[in-house]
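S.K.: Please see the structure below; I have some questions.
The values are calculated or read from the model by the stated rules, or taken from the named source; none is laboratory data. Small disclaimer: the values here were computed from a predicted structure and weren't measured. So basically every Cβ, Gly included, is an ideal-geometry build from the backbone, and we count neighbours across all protein chains shown.
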Amino acid sequence: MIRVEHLTKRYGAFTAADDVSFEVREGEVYGFLGPNGSGKTTTMKTILGLNIAASGRILINGLDVARYPKEARQCISYLPQRVVFPENLTAREVMRFYARLRNLPNGAADEALEKARFNGFSDKLVSEFSGGMVQRLGLAVAALPNAPILLLDEPTANLDPHGVKRFREFILEQKELRKTIIFSTHLLSEAEQLADHVAVFVGGKLVAEESIENLRKTYVASGCSVEDMYLHYVGKEEHENS
């Protein structure tokens with residue numbers, strides 16, 4: 001479904017993604033795990049075609065993103081790390097705007113709001129929303145089209161415990177629909193609970209890539225937790241770059 005081969009992305013002299021390679025299978029939930037500034041967002045935006053890679057190749061359903069960007073993007077729905085909507089619109093108006101962009105009926109927007117459980121907030125102005133409510137609206141927009149691939153960048157940012165619970169339910173619902181999902185987080189608990197596979201990013205490099213099950217077996221058997229593994233990689237990479 002998604003294959004990334006030796007991806008490198010630079011901003012001037014700074015290398016934001018350094019020779020990153022991995023593959024995400026159809027129907028898989030794949031977590032990008034790493035501290036802030038580790039290359040997660042850069043990699044995600046390059047998959048989407050918003051960044052131009054210095055080298056490497058990205059394939060979406062066999063389509064080279066660099067050669068066929070429009071066709072590749074049609075398979076994807078994206079939630080950016082920072083979500084911004086016009087504050088003078090209601091949640092319903094925002095959803096119907098995005099529905100029109102996707103050539104979908106207003107009913108699809110209303111249905112997506114119901115699924116997002118916007119109870120009582122659908123007709124309130126975005127200016128009245130908390131940061132968590134804006135993030136939930138962003139998730140509703142991302143779920144609006146029937147895209148087979150979801151790219152979610154820090155989707156639990158600003159969410160309260162109820163919002164996080166609802167996000168986890170959302171991921172499970174999308175997984176049942178055989179959606180392929182990549183989400184980024186710096187929270188190990190999120191990756192452990194939701195991801196089938198996890199890629200650990202530190203300093204622009206993919207320093208570990210494994211199934212959650214195998215990570216648990218390998219590290220717990222050796223007397224370590226997955227958290228110990230994560231902190232080991234982060235500390236090792238930061239030490240080498242210091």
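S.K.: For VAL126, all conditions in the list (1) surrounded by fewer than 16 Cβ atoms within 10 Å (Cβ to Cβ); (2) in contact (Cβ under 8 Å) with a residue 40 or more places away in the chain hold save one; what is the number of the exception?
M.R.: Only one criterion is unmet by VAL126, namely (1).
S.K.: Filter the strands (runs of 3 or more DSSP E) completely within segment 19-102 down to those with at least 2 residues that are out of contact with any Asp or Glu (no Cβ under 9 Å at 6 or more places or on another chain).
M.R.: Once the strands (runs of 3 or more DSSP E) in segment 19-102 are filtered for at least 2 residues that are out of contact with any Asp or Glu (no Cβ under 9 Å at 6 or more places or on another chain), what remains is 76-79.
S.K.: Given the condition under 20 Å from the mean Cα position of the chain (by Cα) and either among the acidic types (Asp, Glu) or over 25 Å from TYR30 (Cβ atoms) (or both), answer yes or no: does some residue in segment 100-107 qualify? Show your work before the answer.
M.R.: Initial filter on segment 100-107 (under 20 Å from the mean Cα position of the chain (by Cα)): none.
No, segment 100-107 contains no residue that is under 20 Å from the mean Cα position of the chain (by Cα) and either among the acidic types (Asp, Glu) or over 25 Å from TYR30 (Cβ atoms) (or both).
S.K.: Inside segment 36-53, can you point out the residues that are surrounded by 15 or more Cβ atoms within 10 Å (Cβ to Cβ) and not polar (S, T, N, Q)?
M.R.: So in segment 36-53, the residues surrounded by 15 or more Cβ atoms within 10 Å (Cβ to Cβ) come out as 38-49, 51, 53.
Residues satisfying the conditions are GLY39, LYS40, MET44, LYS45, ILE47, LEU48, GLY49, ALA53.
S.K.: I need a count of the residues in segment 80-97 that are of a type outside the set (A, V, I, L, M, F, W, C) and exposed (fewer than 14 other Cβ atoms within 10 Å of the Cβ).
M.R.: 4
S.K.: For segment 4-17, what are the residues that are part of a strand (DSSP E or B) and either among the hydroxyl-bearing types (Ser, Thr, Tyr) or surrounded by fewer than 17 Cβ atoms within 10 Å (Cβ to Cβ) (or both)?
M.R.: To start, the set of residues in segment 4-17 that are part of a strand (DSSP E or B) comprises 4-11, 14-17.
Selection gives GLU5, HIS6, THR8, ARG10, TYR11, PHE14, THR15.
S.K.: Just checking, how many residues over segment 70-105 are under 22 Å from ASP123 (Cα atoms) and among the small types (Gly, Ala, Ser)?
M.R.: So the count comes out to 2.
S.K.: Out of curiosity, is ILE76 farther than 26 Å from GLN174 by Cβ, under 19 Å from the mean Cα position of the chain (by Cα) and β-branched (Val, Ile, Thr)?
M.R.: Here the answer is no, as ILE76 does not meet what is asked.
S.K.: Here is a further query. Return the pair list, or none, for Cβ contacts closer than 6 Å from residues in segment 48-76 that are within 24 Å of GLY204 (Cα to Cα) and among the polar types (S, T, N, Q) to residues that are at pLDDT 90 or above and part of a helix (DSSP H, G or I), at least 6 apart or on different chains.
M.R.: Once the first residue is within 24 Å of GLY204 (Cα to Cα) and among the polar types (S, T, N, Q) and sits in segment 48-76, its partners that are at pLDDT 90 or above and part of a helix (DSSP H, G or I) give ASN51/LYS45.
S.K.: Here's another thing I want to ask about it. Among the small types (Gly, Ala, Ser) and within 30 Å of PHE121 (Cα to Cα): is that true of ALA109 in this structure? Please lay out each step first, then the result.
M.R.: Values: among the small types (Gly, Ala, Ser): yes; within 30 Å of PHE121 (Cα to Cα): yes.
Considered against the rule, which asks whether it is among the small types (Gly, Ala, Ser) and within 30 Å of PHE121 (Cα to Cα), ALA109 comes out as yes.
S.K.: Let me spell it out: the conditions are (1) over 16 Å from ILE2 (Cα atoms); (2) touching a Leu at 6+ places or on another chain (Cβ under 8 Å), and LEU137 meets all of them except one. Which number is the exception?
M.R.: So the condition that LEU137 fails would be (2).
S.K.: Now a separate question. Kindly check whether there is at least one residue in segment 199-208 that is under 19 Å from GLN81 (Cβ atoms), touching a Gly at 6+ places or on another chain (Cβ under 6 Å) and part of a helix (DSSP H, G or I).
M.R.: The answer is no; no qualifying residue exists.
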